[in-house]
Amino acid sequence: MSVQPAQLATIIRATLATLMVLLLISASVWIMLPFLAAMIWGAIIAISMYPAYLRLVAWLKGWRIIPACIIGLGLTVVLFLPLTVMILTLSDHLGELLTAFSGKTEVVPPKPPAWLGSLPVIGERLDLAWTKATSDVAGTLETLRPRIREFLLWLLSRMAASALMLLEAAFAIILASVFLVNAARVKRFFVALIARLGAADSEKIVLTTEKTTRSVSKGILGTAFIQAILAWGGFALVGAPGPILLAFVSFVLCSLQLGIMIIGIPVAIWLWSNGQWEWSIAIVVWSLFVSVVDGALKPILLGQDFPVPIWVLFMGLIGGMLGMGLVGLFIGPIIISVSYQLMLQWVDIGRTEEKQ
């Protein structure tokens, strides 16, 4: 079967047009890829803060730009400044540890506390191992130093990469303010885009995304953030080492609904071993209070049960941090939670269509 010249020209034009469109899309994705995390983060912030933005607009009698600027300034104080302090502090601590294990600084570990040997089952072994390590510090450090230094170098490289999160956070706050001012227009765009892609219930998909994002960001991450601030105050007050690092770990634990007793008890043991039994008891009580305070905060911030199972949240937290650094702790759980809810909605729609 021969192809007419006119048909061949049409096929060539269509092929070239398709290739040009694919090339344009690929170039656009490649250019926007460095800003993708900040754009997602900004959208999450805008969706979470939109109810507060509407209340400010009503209070200011219709002004839209000023409320967005107020929220942007508030986010700078609440989000950007604490992140800056945390990253700088963690970098300083890691630098000190790296210097200590690089062979340039003599490390003198303390003797084992008297209560260590009295612990059941493992107390004697721990006391013996600790005593052996302190009696031969040079040999012990010579054995452990390469592995510990390698781990610290890896951790320091991750912190250096996570330092870019400060730029992403600043850009995300600016984008969130822009998204808030143009919220209605942005929502109409995504409803039309999803409908154009073939989804008949595009408005329901957008609504599910909004509800899930607000639930996870405010009810779970917001509560964990407040608990981390309370934990930091307690650890700093009792003189625990690295209170900002402990607060960061508290944020992760509280996001997983595990509470801070996991690190509160070791801190209490450390205080007790240093003769500060009053502070030891105080930090246990404070850790217990911080762990259960979410029961009062979640009904206010969440207003309903968890939108996703805890294992989905765990995958989002850990996978987000491994894949995107510290910024993944914030956007990872929300992305996977939204995906989970949309998948459930898609499955329910498929079952309904099969019954009909």
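Before moving on, here are some points about what is shown:
- Test: residue in region 299-315 that is at pLDDT 80 or above, under 30 Å from Thr212 (Cβ atoms) and surrounded by 15 or more Cβ atoms within 10 Å (Cβ to Cβ): yes
- Check on Ile174, assigned to a helix (DSSP H, G or I), β-branched (Val, Ile, Thr) and at pLDDT below 80: no
- Among residues of region 243-263 that are over 14 Å from Ile87 (Cα atoms), those with a Cβ under 6 angstrom from a residue that is modelled with pLDDT under 80 and buried (at least 20 other Cβ atoms within 10 Å of the Cβ), sequence gap 6+ or separate chain, pair up as Ser255/Leu317.
- Which numbered condition Ala184 misses (of (1) within 23 Å of Ala58 (Cα to Cα); (2) small (Gly, Ala, Ser); (3) crowded, with 17+ Cβ neighbours inside 10 Å): (3)
- The condition (being assigned to a loop (DSSP other than H, G, I, E, B) and at pLDDT 80 or above) is satisfied by just one residue among Ala240, Ala231: Ala240.
- Filter pass, Trp41 being outside any helix (DSSP H, G or I), touching a helix residue (DSSP H, G or I) at 6+ places or on another chain (Cβ under 8 Å), at pLDDT 80 or above and not aliphatic (A, V, I, L, M): no
- Residue within region 184-202 that is touching a Leu at 6+ places or on another chain (Cβ under 7 Å) and in a helix (DSSP H, G or I) present: no
The values are calculated or read from the model by the stated rules, or taken from the named source; none is laboratory data. Owing to the predicted nature of the structure, the values given are computational and were not obtained by experimental measurement. Cβ coordinates were reconstructed from backbone atoms using ideal geometry, including for glycine residues, and neighbour counts include every protein chain displayed.
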